[in-house]
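The values are calculated or read from the model by the stated rules, or taken from the named source; none is laboratory data. These figures come from a predicted structure and were not determined experimentally. All Cβ positions, even for glycine, are placed from backbone atoms using ideal geometry, and neighbour counts span all protein chains on display.
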């Protein structure tokens, strides 16, 4: 069962992952040395941050339920 | 612009993330739903990012990428000068290097971390272009190593049997005599400025 807080965190994770992919999409459409570097520096870390936030949210939820 | 396939993949990835954003409440309550969220919010975006970066790194070795900065236009033109002794022109016009990565073929060390060093130098170039300012005279960061020439010419008959090379072969291999001490003109900028080009018209 989910809590509103967990849903909020998962949505934040989705926003971060989406932003990471969005940055890379913008760079892919306007490909220059600068945009490539920006996409490499911002894109994967944002995606990773989203993934980690999601994992933390699930972990906390499972811990609260005593599943872990 | 990157290839259509890369752009489509990124668009689909974003669409999936958006779908999971709106379906988060429904999916997070079930185990299978959480696995779907894991795949859609972590695995897939990471995979797409890795693919994108990997393709980007490959693209950053292309001639087109190097010449996209205005300060490299003259060097790009130097590939077409009418001078058989100019190294860049001779290699490009005789197809001695891949035309898709002509700059990278010579301006990348072939040692273990040659690629890494070349990419880091690329960061310096971008910094100079956007922040520090392009120097009036564009020069190499360090003397050109013989090993870069020898990577291709090492066991070539014309190199070994060349009358000018024979007496100094050990010094060339050791790097104590630079290839550029005789092959002095790498990019013939004088001919670029004089517009003396070969078959470029």
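Structure above, values below:
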quantity	calculated
So residue B:50, is it in a helix (DSSP H, G or I), surrounded by fewer than 18 Cβ atoms within 10 Å (Cβ to Cβ), facing chain A (nearest Cβ under 10 Å) and in contact (Cβ under 8 Å) with a residue 60 or more places away in the chain	no
Some residue of the stretch B:117-135 being within 30 Å of residue B:171 (Cα to Cα) and buried (at least 17 other Cβ atoms within 10 Å of the Cβ)	no
Options B:22, B:65: the member that is surrounded by 15 or more Cβ atoms within 10 Å (Cβ to Cβ) and within 14 Å of another protein chain (Cβ to nearest Cβ)	B:65
Options B:13, B:33, B:40: the member that is more than 7 Å from chain A (Cβ to nearest Cβ), on the phi < 0 side of the Ramachandran plot, surrounded by 20 or more Cβ atoms within 10 Å (Cβ to Cβ) and in contact with a helix residue (DSSP H, G or I) (Cβ under 6 Å, 6 or more places away or on another chain)	B:40
Filter pass, residue A:63 being more than 7 Å from chain B (Cβ to nearest Cβ), over 22 Å from residue B:50 (Cβ atoms) and either surrounded by 15 or more Cβ atoms within 10 Å (Cβ to Cβ) or in contact with a helix residue (DSSP H, G or I) (Cβ under 7 Å, 6 or more places away or on another chain) (or both)	no
Scan of the stretch A:12-49 for residues that are more than 20 Å from residue B:57 (Cβ to Cβ) and either modelled with pLDDT under 95 or under 8 Å from the mean Cα position of the chain (by Cα) (or both), ordered by number	A:12, A:13, A:14, A:15, A:16, A:17, A:18, A:19, A:49
Matching residues in the stretch A:16-38 - criterion: being in a helix (DSSP H, G or I), at the interface with chain B (Cβ under 7 Å from one of its Cβ atoms) and under 18 Å from residue B:9 (Cα atoms)	A:17, A:18, A:20, A:21, A:22, A:24, A:25, A:28, A:29, A:36
